[in-house]
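Report on the following structure.
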Amino acid sequence: MEAVRHHLVIRVLHWAVALMVTAALVMSTFIMSQIPDDDPEKMASALRHMSVGVLICGGTLLRLFWRRRSKRLPELSSGMGWADVLAGIVHRGLDLLVLTMIVSGAAMALQTGLPLIALRGEAFPAEIVSLFAFTVHVVGACVLSGALVLHIGGALFHQFILKDGLLSRMGFDLPQPQRRSVPQTEGRDA
């Protein structure tokens, strides 16, 4: 029996966006936050972060568009009503949080004129931390991180505790290694 899977485009975009969101969170939390604003590397790091954000925006919008066009898979119940409700909230919440991060990031860049500042070779604008969009972005990153932990935890619970094959719905066929046959000999050595 063939595994029930999401459309290939959905699966590719899911994993691509997941990797890029993780990279953006790691970049901002562990790299950008450690660089002083007057260090030229801060602007370079911010531009890399913004580039990933643009890719996340494109991937997320394309995934949401494609999801509306493709056949929906039946929900897999955990057998716990509250957990099934939480799963729905987390799934929709992840989409909303990613879009919130995109909008708040774009708002910060526009409010500070970050693209023009970067083109002129000026230092990273220290006043960015006083913007409401910055607060939304930082709080959004914390909430998004928590939602990702819930999402991953739920997927692992389904896969290893309930053993219902949930992860295969987002998986890919991996090539199987070819087995070499060993010729049988007629006589046995004693």
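The values are calculated or read from the model by the stated rules, or taken from the named source; none is laboratory data. Quick caveat: nothing in here was measured; it's all calculated off a predicted structure. Every residue, glycine as well, gets a Cβ built from its backbone with ideal geometry; the counts of neighbours run over all protein chains shown. With ligands, DNA and RNA removed, areas are computed over all heavy atoms of the protein, side chains included. Shrake-Rupley method; radii C 1.70, N 1.55, O 1.52, S 1.80 Å.
Within region 97-110, residues that are under 9 Å from G53 (Cβ atoms) and outside any helix (DSSP H, G or I) reach no partner that is open to solvent by 50 Å² or more (accessible area, probe 1.4 Å) and among the β-branched types (V, I, T) with beta carbons closer than 8 Å at six or more positions or on different chains.
Restricting attention to region 77-130, the residues that are closer than 23 Å to V149 by Cβ, hydrophobic (A, V, I, L, M, F, W, C) and modelled with pLDDT under 95 total 8. Please enumerate the residues belonging to region 111-123 that are surrounded by 13 or more Cβ atoms within 10 Å (Cβ to Cβ) and in a helix (DSSP H, G or I). Listed by number, the residues that qualify are Q111, T112, L114, I117, A118. The residue that is modelled with the lowest pLDDT, among those in region 62-76 that are open to solvent by less than 90 Å² (accessible area, probe 1.4 Å), of a type outside the set (F, W, Y) and in a helix (DSSP H, G or I), is R67.
Which of the residues spanning region 124-137 are touching a residue at least 24 places away in the same chain (Cβ under 8 Å) and either surrounded by 16 or more Cβ atoms within 10 Å (Cβ to Cβ) or basic (K, R) (or both)? Residues satisfying the conditions are F124, P125, L131, A133, F134, V136, H137.
When region 1-38 is filtered for residues that are without any contact (Cβ under 8 Å) to a residue 60 or more places away in the chain and more than 26 Å from G146 (Cα to Cα), the ones remaining, listed by number, are M1, E2, L8, P36. Restricting attention to region 34-50 and to residues that are surrounded by 12 or more Cβ atoms within 10 Å (Cβ to Cβ) and out of contact with any helix residue (DSSP H, G or I) (no Cβ under 8 Å at 6 or more places or on another chain), the residue that is nearest to V103 (Cα to Cα) turns out to be A44. Residues of region 132-165 that are of a type in the set (A, V, I, L, M) and more than 18 Å from T29 (Cα to Cα): L150, I152, A155, L156, I161, L162. Among the residues of region 35-85, the ones that are under 22 Å from L167 (Cβ atoms) and charged (D, E, K, R) come to 6 in all. In region 77-97, the residue that is farthest from L25 (Cα to Cα) out of those that are open to solvent by less than 100 Å² (accessible area, probe 1.4 Å) and among the aliphatic types (A, V, I, L, M) is M80.
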